[in-house]
Amino acid sequence: MLYREAGQFRTTYAEDMAIFPIRQDRIALAILLGIAFIGVPLLADFDIWPFGSDYLLRAILLPFLILALAAIGVNILVGYCGQISLGSGAFMAIGAYSAYKLGTGVHIPLASLDFAISIPPLPVLLAILLGGLTAALAGILFGIPSLRIKGLYLAVATLAAQFFFDWVFLRVSWFTNYAPSGSVNAPTLDFFGLNVGTPIERYMLCLIFVTVFAVLAKNLVRGNLGRQWMAIRDMDIAAELIGIRPLYAKLTAFAVSSFIIGVAGALWAFVYLGSWEPLAFSIDRSLQLLFMVIIGGLGSIMGSFVGAAFILILPIMLNLIPTQLGVPLSTETITHLEFIIFGSLICYLLIKEPHGFARLISIGKEKLRLWPFPY
Amino acid sequence: MIALGQFLEVLIGGLMSGVLYSLVALGFVLIFKASGVFNFAQGAMVLLAGLALVRSLDLLVANGFSLWAAIILGIGFAAVIMAITAWLIERFVIGPLVNQDALTLFMSTIGVTFILEGAAQMIFGSDAYPLRLFPTDAWFLFENLFPGGILVNKLDVWGGFIAGILVAGLAIFFQRTKTGRALRAVADDHLAAQSVGIPISWIWFVVWLAAGLVALVAATVWGTKLGVQFSITFLALKALPVLIIGGLTSIPGAIVGGLIVGAGEKIAEVFLGSHIGGGIEYWFAYVLALAVLLVRPQGLFGERIIERI
């Protein structure tokens, strides 16, 4: 009864093209954003359970937001444009390391020319965004093979990016400012005089980034460019026949996707990890992001959030529930169980519901519209 | 000037480890040839087979079986495990996904990878287990020709020998037997094969079983070299560029691709890696594969698929 759109008439084109045409959706979103932007900081400020300790913010909400952002990036490439990528971790790493270099000052000595290029340390915000831009350039570079190859072959090409950049950031010490251990520390998070240090400030920072990028991405995929991507995904030859340039569509998908993934990588390194080494962006991260997208829903922005939440919460649940029931599992067993559950879920979803949890939610909404009379 | 002896030694070492890559790549080719599924789970199958073998061997030897009896029983046990796995995969994952597009099938094998990795380690334990079935000491050849001779690992020779037998067997199986012909028919077109009366689920079971047995062979050789442990699954990732270079549908291609990758990355590591920081083994094969992809997308021996992109 509550979720019924009867009586909501659209009288202008603008209303017809709104992101959320149904009033209940708008209200739900407003409440969600209200909780995220106002409720959580207030609760944390007054130390109300479960926000009394930093654990929830630091170990769940922060990684959730950043990984959801990265998942949006992966979803644009894999879900909307149909170009499978196993190298998302590498693009996160490119974002993180180039933001690090830009944030601490770049110095390129060109000894043979008696000349050096020096860029002074940039403000953190600029460094993060430029890090994303560098990732976008790398994405375009590794997207070029997608014009000749597709599907599985492309997966191998992106895998090449993954292994190559793993090696670059591990072995080329210029990227780590010659740190002997190979692990680097993020510069202080100073946003135009505003210092971001406490968990709640970090949370707010990521929340702003994620909200802005999610809205931008949602509008992008609804618009001209997004439609081109989806046409390429659904059938590339037909898309070409109706006048879509595959070159342009595929490379923009690679660029936008890598940009978002790069920004997420910079945030992951700067805001969540603080100090990190190349292992943080290994192939496991790429697979994790791919799973989020498959489980959450291919071709759905909301699905990226649902997938990220699911993948982060499942291990915690596996840890928590048996302990509550009095049969604590060993860490090893939990890891293995996690593997098995993720694997089974992926297979199950691919068979039964290829559009993931996002599709389940929209089916739920359809049913709710008719409730309590299912006809 | 690089000494010829050193170069030959690196080359031979590389070729021999290339044979081992080929062993993993063979499993991929089998499944791809017969079902058009790009099997990401091959590495996990090697891990499962290796763990089943090494754990049952340990158990049998501890219970007083003689080594030979234990080896035969252990291999039998591992083969049964692979058969059960093949059946389960066909029944619950690949079967329901029949006629889906290649990407969906590929992603489902990523799911299978995780299930197998988790289950194998949960059942058989997740430590590194040593496996000793083949001699691992080295020979020194041509000692009178080169100073110090050329070091050749006995295990590698065994690996090459076994790979040769496997390839010959598989080639006969594909070309000469009824099942082999049916496999190729299924690969070409699932629907058409079904409509002429080929039992597709049986064929897929056979394919996955064959891939599982190839994984078992790969596991015995690799396990002897490195010990059976989780990192063995990363071999599967090494086998991907091998496939791209050799061609996805060609069994000889898997062998040649493996040799090229093995030799190429060892030579690159020794003679190039020392100049730019070392460890380039990790990505050299992939960059090689990228180069091949751009020039010849079907690989050296693959069937040319005419498809506009």
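The values are calculated or read from the model by the stated rules, or taken from the named source; none is laboratory data. This one's a predicted model, so the numbers in the text were calculated from it and none came from an experiment. Here Cβ is always computed from backbone atoms with ideal geometry, including for glycine, and neighbour counts include all displayed protein chains.
General remarks:
- Applying the set (1) exposed (fewer than 15 other Cβ atoms within 10 Å of the Cβ); (2) within 14 Å of chain A (Cβ to nearest Cβ); (3) of a type in the set (S, T, N, Q) to B:Asn63 leaves exactly one unmet item: (2).
- Across segment A:222-251, the number of residues qualifying as free of Cβ contacts under 8 Å to residues at least 40 places away in the same chain and surrounded by 22 or more Cβ atoms within 10 Å (Cβ to Cβ) comes to 1.
- Among (1) crowded, with 24+ Cβ neighbours inside 10 Å; (2) over 25 Å from A:Ala59 (Cα atoms); (3) in contact (Cβ under 8 Å) with a residue 40 or more places away in the chain - the single one A:Gly297 does not satisfy: (2)
- Count of residues meeting criterion [closer than 25 Å to A:Ala217 by Cα and more than 22 Å from the chain's Cα centre (by Cα)] in segment A:302-352: 0
- Selection status of A:Phe254, over 15 Å from A:Ala93 (Cα atoms) and among the aromatic types (Phe, Trp, Tyr): yes
- Qualifying residues in segment B:247-263 (those that are within 14 Å of chain A (Cβ to nearest Cβ) and not β-branched (Val, Ile, Thr)) - the one surrounded by the most Cβ atoms within 10 Å (Cβ to Cβ): B:Gly257
- Only one entry of A:Ile237, A:Ile232 meets the criterion of being over 20 Å from the mean Cα position of the chain (by Cα), within 13 Å of A:Ile76 (Cβ to Cβ) and either within 14 Å of chain B (Cβ to nearest Cβ) or in a strand (DSSP E or B) (or both), and that entry is A:Ile232.
- Among the criteria (1) in contact (Cβ under 8 Å) with a residue 60 or more places away in the chain; (2) touching a helix residue (DSSP H, G or I) at 6+ places or on another chain (Cβ under 6 Å); (3) within 14 Å of another protein chain (Cβ to nearest Cβ), the one A:Thr134 does not fulfil is (3).
- Positions within segment A:166-180 being more than 12 Å from chain B (Cβ to nearest Cβ) and either at negative phi or surrounded by 18 or more Cβ atoms within 10 Å (Cβ to Cβ) (or both), in sequence order: A:Thr176, A:Ala179, A:Pro180
- A:Phe142 meets each of the listed conditions (1) surrounded by fewer than 18 Cβ atoms within 10 Å (Cβ to Cβ); (2) within 14 Å of chain B (Cβ to nearest Cβ); (3) in a helix (DSSP H, G or I); (4) not small (Gly, Ala, Ser) apart from (1).
Per-residue answers, yes or no, for (1) of a type in the set (D, E, K, R); (2) in a helix (DSSP H, G or I); (3) over 30 Å from B:Met107 (Cα atoms):
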| site | (1), (2), (3) |
| --- | --- |
| A:Ala138 | no, yes, no |
| A:Leu159 | no, yes, no |
| A:Pro180 | no, no, yes |
| A:Glu201 | yes, yes, yes |
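- Residues considered: A:Ser344, A:Ser304. Of these, the only one that is part of a helix (DSSP H, G or I), at pLDDT 85 or above and either more than 18 Å from A:Ile60 (Cα to Cα) or of a type in the set (Lys, Arg) (or both) is A:Ser344.
- Yes/no for A:Leu279 being without any contact (Cβ under 8 Å) to a residue 24 or more places away in the chain, part of a helix (DSSP H, G or I) and under 16 Å from A:Asp166 (Cα atoms): yes
- Of all residues in segment A:46-97 being under 20 Å from A:Ala269 (Cβ atoms) and among the β-branched types (Val, Ile, Thr), the one that is nearest to the chain's Cα centre (by Cα): A:Ile72
- Checked against (1) away from chain B (no Cβ under 14 Å); (2) touching a helix residue (DSSP H, G or I) at 6+ places or on another chain (Cβ under 7 Å), A:Leu110 passes all but condition (2).
Here's the yes/no breakdown for (1) in contact (Cβ under 8 Å) with a residue 40 or more places away in the chain; (2) over 23 Å from the mean Cα position of the chain (by Cα):
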site: A:Tyr153; (1), (2): no, yes
site: A:Ala161; (1), (2): yes, no
site: A:Asp166; (1), (2): yes, no
site: A:Arg171; (1), (2): no, yes
site: A:Phe175; (1), (2): yes, yes
site: A:Ala179; (1), (2): no, yes
site: A:Ala186; (1), (2): yes, no
site: A:Gly193; (1), (2): no, yes
site: A:Gly197; (1), (2): no, no
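- Residue within segment B:226-245 that is out of contact with any His (no Cβ under 7 Å at 6 or more places or on another chain), buried (at least 18 other Cβ atoms within 10 Å of the Cβ), of a type in the set (Lys, Arg) and in contact (Cβ under 8 Å) with a residue 12 or more places away in the chain present: yes
- Scanning segment A:187-218 for residues that are of a type outside the set (Ser, Thr, Tyr), surrounded by 13 or more Cβ atoms within 10 Å (Cβ to Cβ) and farther than 17 Å from A:Arg58 by Cα turns up A:Pro187, A:Asp190, A:Phe191, A:Phe213, A:Ala214, A:Leu216, A:Ala217, A:Lys218.
- Filtering A:Ala71, A:Ala93 for residues that are modelled with pLDDT of 90 or more, within 21 Å of A:Leu141 (Cα to Cα), surrounded by 13 or more Cβ atoms within 10 Å (Cβ to Cβ) and touching a Pro at 6+ places or on another chain (Cβ under 9 Å) leaves a single hit, A:Ala93.
- Qualifying position, being over 20 Å from B:Val24 (Cα atoms), within 12 Å of chain A (Cβ to nearest Cβ) and small (Gly, Ala, Ser), among B:Ala291, B:Ala239, B:Ala285: B:Ala291
- Single unsatisfied condition, A:Ser257 versus (1) among the hydroxyl-bearing types (Ser, Thr, Tyr); (2) within 29 Å of A:Ile200 (Cβ to Cβ); (3) at pLDDT 90 or above: (2)
- Condition met for A:Leu325 (away from chain B (no Cβ under 12 Å), surrounded by fewer than 18 Cβ atoms within 10 Å (Cβ to Cβ) and of a type in the set (A, V, I, L, M, F, W, C)): yes
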